[in-house]
Amino acid sequence: MTALDPDRSAEPLGGVDHDQLVSVDDVLAGGDDGGDDGSGGDEHGGHDEGLPKTITGWLTTTDHKALGIAYAITSLIFLAIGGSLAGVIRAELAEPGEQFVSEQLYNGVFTIHGSVMVYLFAVPFGFALANYLVPLQIGAPDLAFPRLNAFSYWLYVFGGLIMLLGFAADGGAAAFGWFAYPPLSGAGASPGLGADMWIVAIILTGTSGTLTAINVIATITMLRAPGMTLFRMPIMTWNLLVTSFMVLLAFPVLSGALFMLQLDRLFGFRFYDPTDGGSPILWQHLFWFFGHPEVYIVALPFFGVVTEIFPVFARRPVFGYKGLVLATLTIGALSTSVWAHHMFVTGEVLVVFFALTSALIAVPTGVKVFNWIGSMWGGSISFEAPMKFSIGFLVTFVAGGVTGVILASPTLDYHLSDSYFVVAHFHYVMGGTVIFALFAAIYFWWPKVTGKKLSERLATWQFWLLMIGFNTTFFFMHFLGRDGMPRRVPDYAPVDNFELWNRIASFGYLILVASVVPFVIAIVKSFRAPVTEGADPWEANSLEWATSSPPPEHNFDWLPPIRSERPVFDLRWINHDEVGNPDVAEAWVDREGIADNWRPLAAELAGDPPTTTEGDQP
Amino acid sequence: MSLDALLAGLDPPVTSQADETEWVWDIYLYLAIGVAAFIAVLVLYVIIRFRRRDGDELPPQKQYNVPVELAYTIIPLLIIGALFAITVVTVQAIEEIDDDPDLVVEVTAAQWQWQFDYPDSGVSVIGSGEEFPELVLPANSSVTFELQSLDVIHSFWITAFRFKRDIIPGSPGRFSVDIEDVAGYYPNAGVCAEYCGLAHGTMRFEVRILETDEFADWIAQQQAEGSQG
Ligand code: HEM
Ligand SMILES: [Cu+2]
Ligand SMILES: [Cu+2]
């Protein structure tokens, strides 16, 4: 048995006395003189939170936790903006005919809705997770390049503002759809300044993302704590690592393609101009070479979120950890060779090849689904808010996954492409799953970030409203698409049931809006509440739970021994043979004499001293 | 009851290629529903069967089960392989170009109007500001469409064909269909599916399929009108 492959088949423990479990709070308190009482949050109240205290402090911070919070808040603001723009779309489509907005404005609205959601909300929220969690999960004090990190954040903010300001430009915002196909996006068909602003905005946010990816990769490769081997990293960190590599591969291609587009527009270059030897299809190849990895760049961090959550609330290890890592790597690799499934209907790509790669990518994705179910199988599952939202994620993702397999068949895509079926599909996989996992993440890590829990009752309300609202909004769009309603239209033909399905979808939007209310109330209530939570409120597994909530500046003044991918679990069960990794107790004892900066497991620790020190472990 | 009852608005398939698509659709659809239902039931079972109860102990911490992991990798791989085979066979049939069709129609797309030319007879149909143009086709015949765009990318979608093809400026495209014995009027079947700017939403056309002799009459009538005007 190696440390890499711990034997976890031990018998379940009967009648464990909860007091015998080691709590991180007790360990943290152990070294503070007089801080023996590990319960309650008083000792955390006086704790240096490590977050900026002034506005200038926030504006100039390079701290990964502060920037992580800033990323999260900023991207949630963009979610609200994108969601409001979706309201304009749903209002316009609630009835046939044109009611609220002009065609020009409608086109700008769906373009900016899509662009905001993809570039300014979903991807940056992944970076929020990367910022806040990666250093904590690998036992590092910060990202490798803190100032570069701050620079990335501000590039993103300015990029976002420029995109939104497009609505104020002469001629309105960009209105060529989020994938900006030339010649429609060229100077002839889209002359306005709004289009240029859209291009510049995406180059800026793309550059921001590229820099963050470099930062995350450098951090994970260079700053892991002693003992944190690659195969002991939490899946969340693994996914962010793979995501970052995909960003490095994809974003520069997008920036380059956009730069070429801007040269076409401003200086009369002819890269994409068919009237003068240019090639519109070249853009599509470049764009989708970015665009397909992009959807996994959006999704993988959120896959990571639920992979952290399922095991904690089922009290089980991640099922098939290595298979899961392998699946993620396979997805990363395959995702670079599926891009032309977005181009089946052009008739200019080798459909059979791309149909094969696109179908294949379903397999590692399916493996993940079964790993998640496997992590719950045989467990002892409780359904606190993070778990509810994770299960919501799981079912939504499966519903979006099966329609993805349908669309990966060119035979069927020839009918469904560019219809509302596609709109339904990608809102299930990119919209629904992201939003469910996003709230799972917020409910899960909120106690870490603030030291408080959010209301369970309000979370339940939010969950059910979201579940019902989401499916009411998007499910019937499958029917619309199959029936022949094209996407990106402000009005629709008098086909049977078009009116009905559209009206239901627009009604669903109202339920979605209602689902925001309990969340906002929960947040506001939490701001007024006192700090109550200790380091490890969920009895979780990874290192971020081994430090106080909120974590101090530079995160840790103490780390448990890392002998498996669940160091905090191993610590909790250290007094019990056969649970957790037996090497931990040994490492703990070894450490006592050598490192004075690492607090030894002192006698004042609640519960019994480690029984495994008696030398009876294998 | 067929699921398609919910899809009341969709015209029945009118080409032999669309028939191919339809049976592939059925297979994929029922499989998709089956897989989704299977996983939903599995999840439901797990959350009921393994919910936390009073006095629960620490559950078994077994992390790997290689046979199970292999099974849930290989079985999906086999299903995917079968689906892929079906797709390859049908897509190749659908993509086959008929170089000697009964009729050639040249489709010209421009922001935001369609023009249909019948080069064999010199007939040309173009939409007016108020009316969608009508694409008239003969039943029981093979047709090859030749597509070109005068400005941006459009997409020629006839829902009753279960088929669309992008029309990319600078690279004309073609495809062929075999229209079956389905004479009828399909007023909502013609759509521009690729977003093409301001009035993309109104870039539609109607489809009328006539019996072969009626079609000949129609051509003759158009020719007569054309030579007058
Ligand atoms: C708040 C709930 C949301 C609603 C009600 C909504 C609604 C819609 C609708 C109706 C369209 C189709 C517009 C059209 O084709 O005419 C659309 C487009 C789109 N949505 Fe959403 N959406 C929501 C959230 C999201 C999220 C969370 C994402 C991504 C993470 C997203 C990404 C997109 C994209 C990429 C498009 C395509 C834009 C384009 O065609 O250029 N949406 N949305
Ligand atoms: Cu068009
Ligand atoms: Cu169009």
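State yes or no: is A:THR210 under 21 Å from the mean Cα position of the chain (by Cα) and closer than 21 Å to A:GLY172 by Cβ?
No, not satisfied.
Taking the residues in the range B:87-115 that are touching a residue at least 60 places away in the same chain (Cβ under 8 Å) and within 15 Å of the chain's Cα centre (by Cα) as candidates, determine which candidate is most open to solvent (accessible area, probe 1.4 Å). Steps first, please.
Here is the first cut: in the range B:87-115, the ones touching a residue at least 60 places away in the same chain (Cβ under 8 Å) are B:87, B:90, B:93-98, B:101, B:107, B:109, B:111-114.
Subset that is within 15 Å of the chain's Cα centre (by Cα): B:87, B:90, B:93-95.
On the way: B:THR87: 4, B:THR90: 1, B:ALA93: 42, B:ILE94: 9, B:GLU95: 73 Å².
Checked the range B:87-115; the qualifying residue most open to solvent (accessible area, probe 1.4 Å) is B:GLU95.
Restricting attention to the range A:272-309, which residues are touching a residue at least 40 places away in the same chain (Cβ under 8 Å), open to solvent by 40 Å² or more (accessible area, probe 1.4 Å) and not in a helix (DSSP H, G or I)?
Selection gives A:ASP273 alone.
Within the range B:206-214, identify whether any single residue is of a type in the set (Lys, Arg), more than 8 Å from every other protein chain (Cβ to nearest Cβ) and either within 16 Å of ligand 2 (Cβ to nearest atom) or surrounded by fewer than 18 Cβ atoms within 10 Å (Cβ to Cβ) (or both), and answer yes or no. Give the steps one after another, and end with the answer.
Applying the first criterion (of a type in the set (Lys, Arg)) to the range B:206-214 yields B:208.
Then drop every residue that is not more than 8 Å from every other protein chain (Cβ to nearest Cβ), which leaves B:208.
After this cut, where a residue has to be either within 16 Å of ligand 2 (Cβ to nearest atom) or surrounded by fewer than 18 Cβ atoms within 10 Å (Cβ to Cβ) (or both) as well, the list is B:208.
Checked the range B:206-214: at least one residue is of a type in the set (Lys, Arg), more than 8 Å from every other protein chain (Cβ to nearest Cβ) and either within 16 Å of ligand 2 (Cβ to nearest atom) or surrounded by fewer than 18 Cβ atoms within 10 Å (Cβ to Cβ) (or both).
Being in a helix (DSSP H, G or I) and within 9 Å of ligand 1 (Cβ to nearest atom) is the filter here; which residues of the range A:458-501 pass it?
A:GLY469, A:PHE470, A:THR473, A:PHE474, A:MET477
Look at the range B:113-134 and say how many of its residues are modelled with pLDDT of 90 or more and in a loop (DSSP other than H, G, I, E, B).
6
Go through the range B:127-168 and report how many residues are within 20 Å of A:PRO410 (Cα to Cα), within 16 Å of ligand 3 (Cβ to nearest atom) and among the aromatic types (Phe, Trp, Tyr).
2
Return the residues of the range B:46-82 that are open to solvent by 80 Å² or more (accessible area, probe 1.4 Å), more than 7 Å from chain A (Cβ to nearest Cβ) and closer than 27 Å to A:ARG566 by Cα; say none if nothing qualifies.
B:ILE48, B:ARG49, B:ARG53, B:ASP54, B:VAL66, B:PRO67, B:LEU70
Can you tell me how many residues within the range A:195-216 are open to solvent by less than 20 Å² (accessible area, probe 1.4 Å) and more than 14 Å from chain B (Cβ to nearest Cβ)?
12
When you go through A:ALA168, A:ALA250 one by one, which is the residue that is touching a residue at least 12 places away in the same chain (Cβ under 8 Å), hydrophobic (A, V, I, L, M, F, W, C) and out of contact with any strand residue (DSSP E or B) (no Cβ under 8 Å at 6 or more places or on another chain)?
On inspection, the qualifying residue turns out to be A:ALA250.
What helices (runs of 4 or more DSSP H) lie completely within the range A:320-431 and have 3 or more residues being not hydrophobic (A, V, I, L, M, F, W, C)?
Where helices (runs of 4 or more DSSP H) fall fully within the range A:320-431 and carry at least 3 residues being not hydrophobic (A, V, I, L, M, F, W, C), they are A:321-334, A:362-376, A:385-407, A:410-416.
Any idea which of A:SER455, A:SER419 is assigned by TED's automatic domain parsing to the domain that holds A:VAL513, within 16 Å of ligand 3 (Cβ to nearest atom) and touching a Lys or Arg at 6+ places or on another chain (Cβ under 8 Å)? It would help to see each step written out before you state the result.
On the way: A:SER455 fails: within 16 Å of ligand 3 (Cβ to nearest atom).
Result: A:SER419 is the single residue among A:SER455, A:SER419 that is assigned by TED's automatic domain parsing to the domain that holds A:VAL513, within 16 Å of ligand 3 (Cβ to nearest atom) and touching a Lys or Arg at 6+ places or on another chain (Cβ under 8 Å).
Going by the conditions given, is B:LEU31 aliphatic (A, V, I, L, M) and closer than 30 Å to A:GLY374 by Cβ?
yes
Among the residues in the range A:333-348, are any among the acidic types (Asp, Glu), over 11 Å from A:ILE235 (Cβ atoms) and open to solvent by 10 Å² or more (accessible area, probe 1.4 Å)? Lay out the reasoning, then the answer.
Kept after step one, since they are among the acidic types (Asp, Glu), are these residues of the range A:333-348: A:348.
This time we only want the ones that are over 11 Å from A:ILE235 (Cβ atoms), so: A:348.
With open to solvent by 10 Å² or more (accessible area, probe 1.4 Å) added as a condition, the list becomes A:348.
Yes, the conditions are met somewhere in the range A:333-348.
Please go through the range A:319-332 and give me each residue that is facing another protein chain (nearest Cβ under 7 Å) and either at negative phi or open to solvent by 20 Å² or more (accessible area, probe 1.4 Å) (or both), ordered by number. Please lay out each step first, then the result.
Start the filter on the range A:319-332 by keeping residues that are facing another protein chain (nearest Cβ under 7 Å), which leaves A:319-321, A:323.
Those that are facing another protein chain (nearest Cβ under 7 Å) and either at negative phi or open to solvent by 20 Å² or more (accessible area, probe 1.4 Å) (or both): A:PHE319, A:TYR321, A:GLY323.
Can you tell me which of (1) away from ligand 1 (no atom under 16 Å from the Cβ); (2) in contact with a Phe, Trp or Tyr (Cβ under 9 Å, 6 or more places away or on another chain); (3) open to solvent by 10 Å² or more (accessible area, probe 1.4 Å) is the one B:ILE167 doesn't meet?
(3)
Kindly evaluate A:ILE373 against the criterion of being facing another protein chain (nearest Cβ under 10 Å) and crowded, with 24+ Cβ neighbours inside 10 Å. Even if it seems obvious, please write down each step before you answer.
On the way: facing another protein chain (nearest Cβ under 10 Å): yes; crowded, with 24+ Cβ neighbours inside 10 Å: no.
No: the conditions fail for A:ILE373.
What are the residues in the range A:402-422 that are of a type outside the set (Ser, Thr, Tyr) and touching a Phe, Trp or Tyr at 6+ places or on another chain (Cβ under 8 Å), if any?
Selection gives A:VAL405, A:ILE406, A:LEU407, A:PRO410, A:LEU412, A:ASP413, A:HIS415, A:ASP418.
Can B:GLY122 be described as in contact (Cβ under 8 Å) with a residue 12 or more places away in the chain and either of a type in the set (A, V, I, L, M) or more than 8 Å from chain A (Cβ to nearest Cβ) (or both)?
Here the answer is yes, as B:GLY122 does meet what is asked.
Among the residues of the range B:139-154, what is the count of those that are outside any strand (DSSP E or B) and of a type in the set (Gly, Ala, Ser)?
So the answer is 1.
Go through the range B:187-199 and give me each residue that's open to solvent by 20 Å² or more (accessible area, probe 1.4 Å) and either away from ligand 2 (no atom under 11 Å from the Cβ) or more than 14 Å from every other protein chain (Cβ to nearest Cβ) (or both).
B:PRO187, B:ASN188, listed by residue number.
Does at least one position in the range A:42-61 carry a residue that is assigned by TED's automatic domain parsing to the domain that holds A:PHE439, within 16 Å of ligand 3 (Cβ to nearest atom) and in a helix (DSSP H, G or I)?
Checked the range A:42-61: no residue is assigned by TED's automatic domain parsing to the domain that holds A:PHE439, within 16 Å of ligand 3 (Cβ to nearest atom) and in a helix (DSSP H, G or I).
Search the range A:77-133 for residues being hydroxyl-bearing (Ser, Thr, Tyr) and away from ligand 3 (no atom under 16 Å from the Cβ), and hand back the single one that is farthest from the chain's Cα centre (by Cα).
By that ranking, first place goes to A:SER102.
Being in the same structural domain as A:ARG224 (by TED's automatic domain parsing) and assigned to a loop (DSSP other than H, G, I, E, B) narrows it down to one residue among A:PHE167, A:PHE179; which is it?
When all the criteria are applied, what remains is A:PHE179.
Would you mind stating whether A:LEU458 is away from ligand 2 (no atom under 16 Å from the Cβ) and either within 23 Å of A:PRO311 (Cβ to Cβ) or open to solvent by less than 10 Å² (accessible area, probe 1.4 Å) (or both)?
Against the criterion (away from ligand 2 (no atom under 16 Å from the Cβ) and either within 23 Å of A:PRO311 (Cβ to Cβ) or open to solvent by less than 10 Å² (accessible area, probe 1.4 Å) (or both)), A:LEU458 does not qualify.
From the list A:VAL123, A:VAL27, A:VAL118, which one is assigned to a helix (DSSP H, G or I) and modelled with pLDDT under 95?
Step by step, each of A:VAL123, A:VAL27, A:VAL118 is checked, and only A:VAL27 is assigned to a helix (DSSP H, G or I) and modelled with pLDDT under 95.
Please specify each residue of the range A:485-525 satisfying the condition of being at pLDDT 95 or above, of a type in the set (D, E, K, R), more than 26 Å from the chain's Cα centre (by Cα) and farther than 21 Å from B:LYS164 by Cβ.
Correct list: A:ARG503 only.
Would you call B:VAL143 within 16 Å of ligand 2 (Cβ to nearest atom) and open to solvent by less than 10 Å² (accessible area, probe 1.4 Å)?
no
The values are calculated or read from the model by the stated rules, or taken from the named source; none is laboratory data. Keep in mind that what you see is a predicted model, and the values were worked out from it rather than measured. In this analysis, Cβ positions are derived from the backbone assuming ideal geometry, glycine residues included, and neighbour counts consider all displayed protein chains. For the accessible areas, the whole protein counts, side chains as well, though only heavy atoms, and no ligand, DNA or RNA atoms are used. Shrake-Rupley method; radii C 1.70, N 1.55, O 1.52, S 1.80 Å.
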